[in-house]
Amino acid sequence: MKENASLRVLHLSCSRILSTGQRNQLRFEVNAAPHIEGVEWTTLAIHDDAPTNDFEIRTPPIFRAVIIRYVFGWWVMIKRRGQYDIIINRHFTFDPFVMLFGWFVNNRISLHHSKEIQELRLIRKGWRGRLASSLEKWSGYINSRQVVAALGVTREIALYEKQLYKSEIPVYQYPNGIESESVKTLDDKRSPGINIAFACGRFTQWHGLDRLLDNLEAASEGSLSGVRIHVLGHVSEDIRSRITASARATEVIVLHGHKSGDDYRAVLEACDIGLGSLAMDRQGLMEGATLKVREYLALGLPVYASHYDTSLPRDFPYYSFGTVDFANIVEFASQSKRFSRGDVRSKSIPFIEKAGTMSALIHWLRCEPSLRRSI
């Protein structure tokens, strides 16, 4: 392609459902694309539910059975391959059809959001998890021989793909980002006590709510005084029962269930910090780039998590990471009282804005020597 021509990029995903977080992330991408020079960026999300945005495509009923939906994803990709210089394909996990169709899209880059082999064993128990993981190891190897590059939401994930399959392809990171204009700074309604937000649409093993409960039970009695942890989102019945059966947990933890809009903001406005994932290591990960962390920071809420965030400086004052230690979390929350909402937001935006992550990726696509030959 000519040096001054716009780079034509398609970002395509295919899944059974599109979660709220995934939808928001893609919407941020769509909104940012027109403001980035030198690129014509198209986003497409294929899933089984009724579309709510122009970038969504509903999977035809005949293709909605388990992995068969990937056939439709490949059909869309192959049909459009000549319209784009690069197709960024959110990796289709344990996909046997990559062997048939992947060779026909020679301008494809795979995008990975996890170490898929480990994740499949975690979310699918027993023989199903082992089977899915084994199939992913095989299909992932085939995929690594077809793509021209691999992206990860963290550099750790991207390098893992390269090392796992002993591939020579270039790798880069494409972390999640936020459209800051869509997130307004929280009003400051903090009180003398310690209030901590732990928000998630649906808590899973890698959010580590169980670890927080373990640590809470082991904490000294005096450290609990004046501390409230506000849990927002769906928790499992096992976790709910564990909380209600513990006098110590019921003293500290407030279960709000699902909240949205002004009700959601009202809880966060009283909080000193937000908690990110506390068990990402269960997926074999030491780094993260979650949308929830970006939302907290854009709202003006400092964050404590158990993993390094790949987009932030390691000494970033508004993001603390370490072991799941109740005393350390409370201490960081206490220190965060001196931070203004506005400072947290303004200092964070340069690292978490979606347009910035997209611009960095486009620059890399243009400058990476092997890709310049490909496009």
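Overview of values
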read-out: Gaussian network model of the chain, springs between alpha carbon atoms under 10 Å - residue of Tyr308, Tyr160, Tyr172 with greatest fluctuation; value: Tyr160
read-out: Ser223 - accessible surface, heavy atoms, 1.4 Å probe, Å² rounded to 10; value: 40
read-out: Length gained when the stretch Lys337-Ile349 is fully extended (0.36 nm per residue, less Cα-Cα span); value: 2.3 nm
read-out: Helix 209-218 axis, angle to the chain major axis (alpha carbon atoms, nearest 10°); value: 30
read-out: Cα centre as origin, Lys/Arg/Asp/Glu Cβ charges: the chain dipole, Debye; value: 1100
read-out: Pairs of Cα atoms farther than 16 Å apart, region 242-322, %; value: 60
read-out: Top of Trp75, Trp127, Trp41 by mean-square fluctuation, Gaussian network on the chain, Cα under 10 Å; value: Trp127
read-out: Between region 134-149 and region 214-262, the alpha-carbon center distance in angstrom; value: 42
read-out: Distance from region 56-101 to region 321-366 (C-alpha centre basis), Å; value: 34
read-out: Alpha-carbon radius of gyration plus Dmax, which is the widest Cα pair, for the chain in Å; value: 21.5, 68
read-out: Kirkwood-type radius of region 245-375, with distances r between different C-alpha atoms, in Å; value: 16.8
read-out: Label-point gap, in nm, between Thr250 and Ala65 - each point 7 angstrom along Cα→Cβ; value: 4.9
read-out: Check: region 40-156 dipole with +1 on Lys, Arg Cβ and -1 on Asp, Glu Cβ, in debye; value: 500
read-out: Filter on Lys115/Lys354; Lys115/Lys184; Lys79/Lys354; Lys79/Lys137 - keep pairs with C-alpha separation over 30 Å; value: Lys115/Lys184
read-out: Positive minus negative residues near Ile157 (Lys, Arg vs Asp, Glu; Cβ under 12 Å); value: -2
read-out: In degrees, nearest ten, helix 354-367 long axis to first principal axis of the chain (Cα); value: 40
read-out: Distance between region 289-314 and region 153-172 - C-alpha centres, whole angstrom; value: 23
read-out: Over region 1-149 - Rg/Rh using Cα atoms and the Kirkwood inverse-distance radius; value: 0.97
read-out: Net dipole in debye of region 115-246 [+1 Lys, Arg Cβ; -1 Asp, Glu Cβ; about Cα centre; nearest 20]; value: 480
read-out: Peptides 7-16, 186-195 ordered by average Cβ neighbours within 10 Å, highest first; value: 7-16, 186-195
read-out: Listed residues Gly257, Ile142, Ile36: farthest to the positive end of the dipole of the chain (Cβ charges); value: Ile142
read-out: Computed over region 195-289, the ratio Rg/Rh where both radii use C-alpha atoms and Rh is Kirkwood; value: 0.95
read-out: Charge dipole (region 256-375, unit charges on Cβ, about Cα centre) - positive-most of Leu371, Gly322, Phe351; value: Leu371
read-out: Charge dipole (the chain, unit charges on Cβ, about Cα centre) - positive-most of Phe72, Ile243, Ile109; value: Phe72
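The values are calculated or read from the model by the stated rules, or taken from the named source; none is laboratory data. Computed from a predicted structure; not experimentally measured. Reconstructed Cβ throughout: ideal geometry from the backbone, glycine too, with neighbour counts over all protein chains shown. Note: accessible area is taken over every heavy atom of the protein model, side chains too, but ligands, DNA and RNA are not part of it. Shrake-Rupley method; radii C 1.70, N 1.55, O 1.52, S 1.80 Å.
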